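Down below is the structure, laid out as structure tokens.
The values are calculated or read from the model by the stated rules, or taken from the named source; none is laboratory data. Quick caveat, the model's predicted, so the values are computed rather than measured. Note that we place each Cβ from the backbone using ideal geometry, even for glycine, and neighbour counts take in every protein chain shown. Just the protein is used for accessible areas: all its heavy atoms, side chains included, with ligands, DNA and RNA removed. Shrake-Rupley method; radii C 1.70, N 1.55, O 1.52, S 1.80 Å.
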Amino acid sequence: MGATLLSAMQARRQLTAGKADVLILYLGPQDHAAGVFADICAQHDIVFQPITARCIDDLPIQFARHFLDRLLDRGYAHVIHADGDTQVTGPLDPLFDVSLPSGRVLVTPDPMAVMIREPSRSWQARRAYFQSIGIPDARLDRYFNSGIFRLNRTDLAEVGRECVRLCRQYGPVFRFSEQDAFNLAFGEDAQLMSFKWNFPVFFLNGGYDATIQPRLIHYMSNPRPWHGAFLPWGRTTHRVYRDLVGMHPELAEYLQPMRGLKAVKYRAQQRYKRLVEQRTWTRPAVRERVAQFERNATV
């Protein structure tokens, strides 16, 4: 929750005043922690909205994004959803300014879409899986990540209802949970945006930050920057969480860095991953595919 709070505070600073509300949906007990977060949100012009498991039909927390029609005030015209394991590093206004026709969803390609045509057996198996759940081969290059998206308020109900229906019907089959359902149901209506709006952190290992200049960085797996100054982000990115605790000492217990053998293990893991990912993502053919996505991006 502390990491989500930081992301929300960064988003508030990167939006023109009056452009949009910044809202945190909090699923958890109404205890001391909830009070701490609510108080800090009020200080930083962030809406803190507690929800219960019943609000999302007792599904896992990642499904909350598909209950936004039920959860959000009817006065909102447009909605941008972002996972909490993010950092906002640049202005967000363009995401609201771009035209989005009714029935369309604004999303960023998943990194798998860049690699999906690779000839290796593992990628052949991944293509076969996607086709087995009903995603046509022609649409695999547009497979998108569900962590960050924009929708018109009028489309929230249909999108959420269909994604939840598919997950309930085929959930055990889906390897990527509600993301597979989202792509299966609305892939044809996806309007792709730049990776700068959903920048996978491991792209740092390929040096893509220099050309893409990310504005919203997505930390998709452990370790994450609040855990410590691991590769590929380093000390500067970790320090913002320490600065947040310095500003609000009551958050210290919620933003504890990783220590001991676990930290040692992750340092070694991240060094190895950097070597592997540099070999993969710095290949000229892969760079060109990423560049093509960027050239064709809506925003």
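Here the chain is treated as a sphere whose radius is the Kirkwood value from Cα pairs; by Stokes-Einstein at 25 °C and 0.890 mPa s it diffuses with a coefficient of 121 µm²/s. Each residue was assigned an accessible area with a 1.4 Å probe, and for residue 236 the value is about 100 Å². Here region 189-221 and region 251-299 have alpha carbon centers that stand 10 Å from each other.
In the full protein context, region 210-255 carries 48 Å² of accessible surface per residue, based on a 1.4 Å probe and ignoring ligands, DNA and RNA. With coordinates expressed along the principal axes, the C-alpha atoms belonging to region 197-299 extend over 46, 31, 18 Å, beginning with the largest. Lysine pair count for the chain with Cα-Cα distance under 29 Å and sequence separation of 8 or more or different chains is 4. Could you tell me which of rounded, prolate or oblate describes region 75-219, using a ≥ b ≥ c as the square roots of the eigenvalues of the alpha-carbon gyration tensor, with rounded for a/c under 1.5 and, failing that, prolate when a/b is larger than b/c and oblate otherwise? In terms of gyration-tensor shape, oblate.
Summing Cβ point charges (Lys, Arg +1; Asp, Glu -1) relative to the Cα centre of region 25-95 gives a dipole of roughly 180 debye. Packing here is the average count of other Cβ atoms within 10 Å per residue, and on that basis the peptides 118-127, 251-260, highest first, run 251-260, 118-127.
Think of a 1.4 Å ball rolled over the protein heavy atoms: region 67-166 then has 41 Å² of accessible area per residue.
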